[in-house]
1. With the structure loaded, tell me whether Gly37 is closer than 21 Å to His167 by Cβ and modelled with pLDDT under 65 or whether it fails that test.
2. Here are Arg9, Arg17, Arg68, Arg87: which of them is in a helix (DSSP H, G or I), at pLDDT 95 or above and more than 23 Å from Pro143 (Cβ to Cβ)?
3. Counting only residues that are in a loop (DSSP other than H, G, I, E, B) and either at pLDDT below 95 or polar (S, T, N, Q) (or both), which one in the range 110-123 is nearest to the chain's Cα centre (by Cα)?
4. Does Arg126 satisfy being basic (Lys, Arg) and without any contact (Cβ under 8 Å) to a residue 12 or more places away in the chain?
5. From the list Val93, Val128, Val168, pick out the single residue that is crowded, with 21+ Cβ neighbours inside 10 Å and part of a loop (DSSP other than H, G, I, E, B).
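The values are calculated or read from the model by the stated rules, or taken from the named source; none is laboratory data. All values reported here derive from a predicted model rather than from experimental measurement. All Cβ positions, even for glycine, are placed from backbone atoms using ideal geometry, and neighbour counts span all protein chains on display.
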Amino acid sequence: MRTASSKQRVTLMKKIRIALLVVSVAAALVGRAALAGEANTSGQPSTVVFICEHGSAKSLVAANLFNRMAEQRGLSVRAVSRAASARTADPKVPLKLARIMAEDGFEVAAFQPQAVTAAEAANASRVVVIGYDGDVEALGNAPVERWSGVAPVGLDYAAAKRDIAAHVESLLRSIAER
């Protein structure tokens, strides 16, 4: 016959086993998400970094389209626009482009282009380089998707927006399917 303290120890051992099982399952689930590139323990949306040479045109259009479309779909992912380097970054968004984008509901006149950093590239869920074949040093070993053949934004905004929107649509579909 078991004593009261013996019964308490058995009950305690059962509780410990259950707790260990719960922790093991949780760790396995978190590990699978991390391996799939889906872990996001910060509570912040994951980030897509769009990069173009100057950070003031193609990547800016892509980031704004992406953010609007992701929000409409309820996806917890956001995008930023960056230049390939500090050397290539424009000091501001070209006035003509800012006006055209404002007509589309994108207020970018105050946006100040900046170069992508190594930390942004390393922490991004996706890095997309648009229409730039040069070296982007800050990328390091980050996996990169390249979109070529996108019309120049300054010459034909409508065509560039159409090209970029098609790429963004495809990217959002792949993100939503995860």
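1. In short, yes.
2. Matching residue, one of Arg9, Arg17, Arg68, Arg87: Arg68.
3. Ranking the candidates gives Thr117 first.
4. Spelling it out, it is not the case that Arg126 is basic (Lys, Arg) and without any contact (Cβ under 8 Å) to a residue 12 or more places away in the chain.
5. Val93
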